Amino acid sequence: QVQLVESGGGLVQAGASLRLSCAASGRTSSSYVMGWFRQAPGKEREFVAVFGRSDGRISYGDSVKGRFTISRDNAKNTVYLQMNSLKPEDTAVYYCAAKYIYYDVALPDRYDYWGQGTRVTVSS
């Protein structure tokens, strides 16, 4: 079992950057496929990015490709989401999630563990 805690959210202007962190405790994060999702008010949870367990596979949601970068530091048990060129439509609560196997990575109900989320607000 793993516990996930996100941090790094905040209020920024359009065009700015933020880096979110997801710290894992309990079992090491290297044992899991690590994903980021987001949920805006009144909308469904949306896939943002995922980083594979041992093979380094990475995938991004279409709306963030070219602007967001996911990375992981297994020594620190932490996964990061670097968000550049932020837009008002990126405003959401961002969640870190973990699962064991790299399949259906864009589907939130395939993930076993979730953090509590960190809020990102982008003003125009």
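The values are calculated or read from the model by the stated rules, or taken from the named source; none is laboratory data. This one's a predicted model, so the numbers in the text were calculated from it and none came from an experiment. Glycine also receives a Cβ, built like all others from the backbone with ideal geometry; neighbour counts cover every protein chain displayed. The accessibility values were calculated without ligands, DNA or RNA, using every heavy atom of the protein model including side chains. Shrake-Rupley method; radii C 1.70, N 1.55, O 1.52, S 1.80 Å.
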_Sequence-distant lysines (8 or more away, or on other chains) whose Cα lies within less than 26 Å of K76_ = K65, K99
*Under 5 Å between amide H atoms, partner at least 5 residues away or on a different chain: which partners does K87 have, H built in plane at 1.01 Å?*
G15
*Counting only heavy atoms of the protein chains, get the accessible area per residue of the chain (1.4 Å probe) and round it to a whole Å² value.*
50 Å²
_Can you tell me the length gained on complete extension of the stretch N74 to R110, counting 0.36 nm per residue apart and subtracting the Cα distance?_
10.7 nm
*Phi to ³J(HN,Hα) by Karplus 6.51 cos²θ - 1.76 cosθ + 1.60 over the range 44-50, Hz, x for Gly, Pro*: 6, 5, 10, 5, 10, 6, 8
_Dipole magnitude of the range 71-110, debye to nearest 20 (Cβ charges: Lys/Arg +1, Asp/Glu -1, about Cα centre)_ = 160 debye
*Based on the alpha carbon coordinates of the chain, what radius of gyration and maximum Cα-Cα distance (Dmax) apply, in Å?*
13.3, 40
*the range 64-71 - phi-based ³J(HN,Hα) in whole Hz, Karplus 6.51/-1.76/1.60, Gly and Pro as x*: 10, 4, x, 10, 10, 9, 9, 8
